[in-house]
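Q: My questions will all concern the structure given below.
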Amino acid sequence: SLAEGGSKAKDVVANQVDAVETLDADLAFLSVGGNDGLRFTPIAQFEEAYDQIISRLVGSVPAVGVSGVGDLGMIPRLPALARGVSRIRGRSIDSAIARVVSRYPGVVKSDTWHPMWDAFYDDLDLWCPDHFHASARGHALFARAAIPVAETALDGSARLAVARRC
């Protein structure tokens, strides 16, 4: 993992994606955007940085999977007024991610607005005591959702490699 907590997409471009390019990785899994949503990065600015990340990953790693951004309004610590705005920001960032991914065949995105995530509304054990970050149980759900994304990306990468050899 090359992740750095608190990063926004521009930070990944500036400080993290270079390291990925030096690895001999079979798969890159990108999860960025929540901090951009909560810190009000302009959507166009986020989308541009995200496109730079994906472009570089696709150029250096055979398989790329990404996590979208879900409902940021479900964060328990947020005041009621901020939840509505955060929900809209999460949807907007997730839509920007989907637009970028659609430009890169083979990149696979998770569905972060699937009803499976509704558990985060009701189960405070999925949150750390700060009621802002996901707990180990919450991260286990994230990991479980990432498995089919990784499998699909790897499968697509393998099929592409076979097609190139033929």
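The values are calculated or read from the model by the stated rules, or taken from the named source; none is laboratory data. Predicted model only: the values in this text are computed from it and were never measured. Using ideal geometry, Cβ is built from the backbone for each residue, glycine included, and neighbour counts are taken over all protein chains shown. Areas reflect the complete protein model, heavy atoms only, side chains present, ligands, DNA and RNA absent. Shrake-Rupley method; radii C 1.70, N 1.55, O 1.52, S 1.80 Å.
Q: If you take the residues in region 1-49 that are open to solvent by 70 Å² or more (accessible area, probe 1.4 Å) and of a type in the set (Ser, Thr, Tyr), which one is modelled with the highest pLDDT?
A: Only one residue tops the list, namely SER31.
Q: Kindly provide the set of residues from region 120-133 that are assigned to a helix (DSSP H, G or I) and either open to solvent by less than 40 Å² (accessible area, probe 1.4 Å) or in contact with an Asp or Glu (Cβ under 9 Å, 6 or more places away or on another chain) (or both), ordered by number. Before the answer, list the steps.
A: As a first pass, look at region 120-133 and keep what is assigned to a helix (DSSP H, G or I): 120-122, 124-126.
Answer for region 120-133, where residues must be assigned to a helix (DSSP H, G or I) and either open to solvent by less than 40 Å² (accessible area, probe 1.4 Å) or in contact with an Asp or Glu (Cβ under 9 Å, 6 or more places away or on another chain) (or both): PHE120, TYR121, LEU126.
Q: Here's a follow-up. With the requirement that a residue be open to solvent by less than 10 Å² (accessible area, probe 1.4 Å) and under 30 Å from ARG83 (Cβ atoms), what does region 50-67 give you? Even if it seems obvious, please write down each step before you answer.
A: First, the residues of region 50-67 that are open to solvent by less than 10 Å² (accessible area, probe 1.4 Å): 50, 53-54, 57, 61, 63-66.
Answer for region 50-67, where residues must be open to solvent by less than 10 Å² (accessible area, probe 1.4 Å) and under 30 Å from ARG83 (Cβ atoms): TYR50, ILE53, ILE54, GLY65, VAL66.
Q: If only one of GLY106, GLY90, GLY73, GLY138 is in contact with a helix residue (DSSP H, G or I) (Cβ under 7 Å, 6 or more places away or on another chain) and not in a helix (DSSP H, G or I), which one is it?
A: None of the others qualify; the one that does is GLY106.
Q: Which numbered condition in (1) surrounded by fewer than 17 Cβ atoms within 10 Å (Cβ to Cβ); (2) at pLDDT 95 or above is the only one that ILE97 fails?
A: Here ILE97 meets the rest and fails (1).
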